[in-house]
Structure formats: C-alpha cells, structure tokens
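The values are calculated or read from the model by the stated rules, or taken from the named source; none is laboratory data. Every value quoted in this text rests on a predicted model; they were computed, and no experiment measured them. Here Cβ is always computed from backbone atoms with ideal geometry, including for glycine, and neighbour counts include all displayed protein chains. These area figures cover heavy atoms from the full protein model, side chains too; ligands, DNA and RNA do not enter into them. Shrake-Rupley method; radii C 1.70, N 1.55, O 1.52, S 1.80 Å.
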Amino acid sequence: MIRNNWTREEISEIFNSPVLDLVYRAATVHREHHDPQEVQVCTLLSVKTGGCPEDCAYCPQAARYHTNVKVHKLMEVDEVLAKAHEAKEAGSTRFCMGAAWREVRDNRDFDKVLEMVKGVNALDMEVCCTLGMLTPEQAEKLKAAGLYAYNHNLDTSEEFYNDIITTRNYQDRLDTIENVRKAKISVCAGGIIGMGENEQDRIGMLHTLATLPEHPESVPVNALVPVEGTPLEDQEKVSVWEMVRMIATARIIMPKAMVRLSAGRVRMTLEEQALCFMAGANSIFAGDKLLTTPNPGVVQDQEMFQILQLKPRKAHKEQLV
Ligand code: SAM
Ligand code: DTB
Ligand code: SF4
C-alpha cells in the first residue's frame, strides 16, 4: 500500500530496526513493486559548471569557495547531444543535465537548455534536468520541450537546512518540487548524508519526502563527496550501514520510487554496493564523472552488473497524467 501519512515515529522505528530485519523488509517491498535484478542507469552531465552564487556548504561549484572547479559557460547544444549519444551507447537510459544556477532565468541560456531537452528526448532517453529553482511557467516550458524528470533535492531536514545553505530556504525547495509536479514532470528529490546532520535530520528528510502529496518517482541518496575548499571538506566518510539504513527506509516508505545510490560510490566496494541493492536501491549514476567529481567508470560498473547479474532498466517513456 502507498501511504503519504507516515508519522516520524513510524519512520524512526523502521530506520532503527535491526539491520538484517530492515534489509529483509526492504527487499520484500522491493520485490512487490520492482524487478530486483533491474537497475536504472543514468548519466549526469554538467552543462553549466561552477560560479554559482549560492552557499551550499557541500558544493564544489559555489563561487565563494576556493575549489579546483573551473567556471565554464553553458555548453553548446550539439556538444551536449554528442555526450547524450555516447551515454546511450554506453547503456544509459536516463540523461540528466545539471547547471550551477540558483534558479532558471528566462534568457537565451534557458532557450538553449530547452533545445538540449528536445534533442535528448529525440534520442529516446529519459531526459532530466537539475537547474535550480523553477517557476510554474518555466516548468511548463520544460515539459513542452519533452522533459521527463526534474531533480531538485531537499538535501537534508528542514531543521538542519540553515546550517548547510543560507541563500534560500526549505520552502523554496518545496515550491519548486510542487511546480515540477504540477507541470506533470516526474519528480526526482532526495538528499545527502554525511554533512554533520544527526539521525533525526535523516528521518526528518525522509518524512518530508514520504508525506508529500505524491511521492517523488525517484529518490537519490547521496553520500557527501567532501571537496577541498568547501566548508565540509573534512567531514568523515559515512559507513555503509548508514547508507543501507537510508536506502532501506526510503524503499519501505516510498515503495514505487526508484531509489538511487547516487554520489559516493567511488568510495564503496562492490560488496557495499551490493548491500545497497539488496536494501532496495535500483538506480545509479554511471560514467566516470558525476558533475565535477569522480564516479566509477562504465567498465567497472559493467563488471559489477555481470557479477551481481543485474540488468539495466529500459527507458520508461510513458508520461505522467
Ligand atoms: N544548482 C542546482 C541545485 O542546487 O538544485 C542543480 C545542481 S546541484 C549540484 C544538484 C545536487 O547535487 C544538490 O542538490 C546536492 O544534493 C548534490 N550535490 C552537490 N554537491 C555534492 C557533494 N559534494 N556530495 C554529494 N552530493 C552533492
Ligand atoms: C543528485 O542527487 N546527485 C547528483 C545529481 N542529483 C545532480 C549530483 C551529485 C554531485 C556530486 C558532486 C559533483 O560531482 O559535483
Ligand atoms: Fe549552486 Fe546547486 Fe551547488 Fe548549491 S548545489 S552551490 S545551488 S550548483
């Protein structure tokens, strides 16, 4: 049963259950709603890198932090389409274009992004964007261009949010997610662990996601990639058990969602990743780069798929109604 009325206490109880019980329950729910051998393979491309005015403490692309990320203007449409084509050839069915913007502006760059969306859509891939905040009208324009999904993360709990970002608020995040939903674009929203948040913050974020009027179709769970020069550069690595608890709880409370084992895989062994799939993760980012940081390469992932007998999920192009 799909529920949107989970209480924090219920989520906390699931989250804190003994690990093996938690994984068993998540694996059971996973099998009721998904083919457990199937894993969605998505490719990310940073179409506009660096120079972002926001102060997200985790982000290497924020202009105010001194990281090694070089600022680039928006890529050209044909360059992006060539990358999408490459990703498709390598087995990806979803292509997500990211921009280091606070929000979308109604300018020539946005028109170019709309062209990119049209082009990727024509390649029969699920086309996704993550461009920052969106107005309802901009969401409509993206939908009309063929956008399948939009990523906008809550990142953490409402209580911890101000410790991580001060240049916008939690309600701004929720408003954009609502604008995406209203435009009938598939919603991709999740967060990051390992930023110094406590267990209540993790539960709080999951609670907000699972009590939205409709669950996101996809929920990325990122482990912080600590980047030199950002305020979070010295954060300790999260343990696999913390990832497993997040993923399994997300799987149980949002059964139909694609739960994505997102950033952080470069620091995980194959066995650790396998545990995450057992706990209900059924989506990954593939390709040797996320937006600006490293990710396991295609060959390494193909090997993992072979060992675990996983198969890439086909693009699901049916539109939301
Ligand atoms: N600028 C847009 C925004 O913030 O919505 C889109 C791009 S932004 C880089 C997309 C998401 O990437 C963030 O919301 C965050 O969850 C994730 N992210 C960024 N840097 C990260 C890091 N160092 N480790 C883990 N996840 C990160
Ligand atoms: C998401 O939840 N994780 C991705 C994607 N959505 C846009 C981004 C991860 C970024 C990791 C840091 C970097 O490579 O810059
Ligand atoms: Fe900018 Fe997005 Fe990075 Fe925040 S997460 S600094 S909004 S690119």
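For the chain, what does the accessible surface come to per residue with a 1.4 Å probe? Please give it in Å². If you can, show how the numbers build up before the last one.
On the way: 14220 Å² over 321 residues.
On a per-residue basis, the chain sits at 44 Å².
Rounded to whole numbers, the Karplus 3J(HN,Hα) couplings from phi for the range 286-300 are 10, x, 6, 9, 7, 8, 10, 10, x, 9, x, x, 4, 5, 4 Hz, using 6.51 cos²θ - 1.76 cosθ + 1.60 with θ = phi - 60°, and x at Gly and Pro.
On the protein heavy atoms, probe 1.4 angstrom, tell me the percent of accessible surface of the chain carried by carbon and sulfur. Carbon and sulfur: 51 percent of the exposed surface of the chain.
Local charge sum around residue 175 (other residues, Cβ-Cβ under 13 Å, Lys/Arg +1, Asp/Glu -1)?
Net charge around residue 175: +1.
Could you work out the relative contact order of the range 84-127? I mean the mean sequence separation of Cα pairs under 8 Å and 6+ apart, divided by the number of residues, in percent. Computed value for the range 84-127: 55 percent relative contact order. The relative contact order of the range 8-312, computed from alpha carbon pairs under 8 Å that lie at least 6 residues apart in sequence, is 24 percent. Across every pair of non-identical alpha carbons in the range 46-195, the mean reciprocal distance, once inverted, gives a Kirkwood radius of 15.9 Å. Across the range 238-252, the residues whose backbone nitrogen lies under 17 Å from the label position 7 Å along the beta-carbon direction of residue 28 are 248-252. The relative contact order of the range 180-321, computed from alpha carbon pairs under 8 Å that lie at least 6 residues apart in sequence, is 22 percent. Secondary structure note: in the chain, about 5% of the DSSP beta bridges are antiparallel. So if I take the alpha carbon set of the range 96-164, get Rg, then get Rh from the Kirkwood formula, what is the Rg over Rh ratio? Here Rg/Rh amounts to 1.03. Summing charges over neighbours of residue 43, with a neighbour being any other residue whose Cβ is under 12 Å away from its Cβ, gives -1 when K and R count +1 and D and E count -1. Once the GluC sites (Glu not before Pro) in DSSP loops with at most 13 neighbouring Cβ atoms within 10 Å are cut out of the chain, the longest remaining piece is 77-213. Close amide H partners of residue 39, meaning residues 5 or more places away or on another chain with modelled amide H under 5 Å apart, are 311, 313.
Under a 5 Å amide H cut-off, with hydrogens placed 1.01 Å from N, residue 287 pairs with 298 among residues at least 5 apart or on other chains. Cross-link reach is defined here as a Cα-Cα straight distance under 27 Å, omitting same-chain residues fewer than 8 places apart; for residue 118 the lysines meeting it are 48, 73, 83, 88, 141, 143, 182, 184, 289, 314, 317.
Our coupling estimate for the range 268-280, obtained by passing each phi through the Karplus curve with A = 6.51, B = -1.76, C = 1.60 and θ = phi - 60°, is 10, 6, 4, 5, 5, 5, 4, 4, 5, 5, 4, 7, x Hz, Gly and Pro reported as x. Among the trypsin sites (Lys or Arg not before Pro) found in the range 244-321, those both in a DSSP coil and sparsely packed, with 15 or fewer other Cβ atoms within 10 Å of their Cβ, are 256, 314, 317.
By the rule of a second cysteine Cβ within less than 4.7 angstrom, the chain holds isolated cysteines at 42, 52, 129, 188, 276.
Amide hydrogen proximity for residue 193: with H placed 1.01 Å from N in the peptide plane, the residues at 5 or more positions away or on another chain lying under 5 Å are 222, 223, 224.
With springs only between Cα atoms under 10 Å, which of 183, 122, 99 fluctuates most in a Gaussian network model of the chain? Its mean-square fluctuation being the largest, the pick is 122. Phi-derived couplings, Karplus 6.51 cos²θ - 1.76 cosθ + 1.60 at θ = phi - 60°, listed residue by residue for the range 246-255: 5, 5, 5, 5, 4, 4, 6, 8, 10, x Hz, with x used for Gly and Pro.
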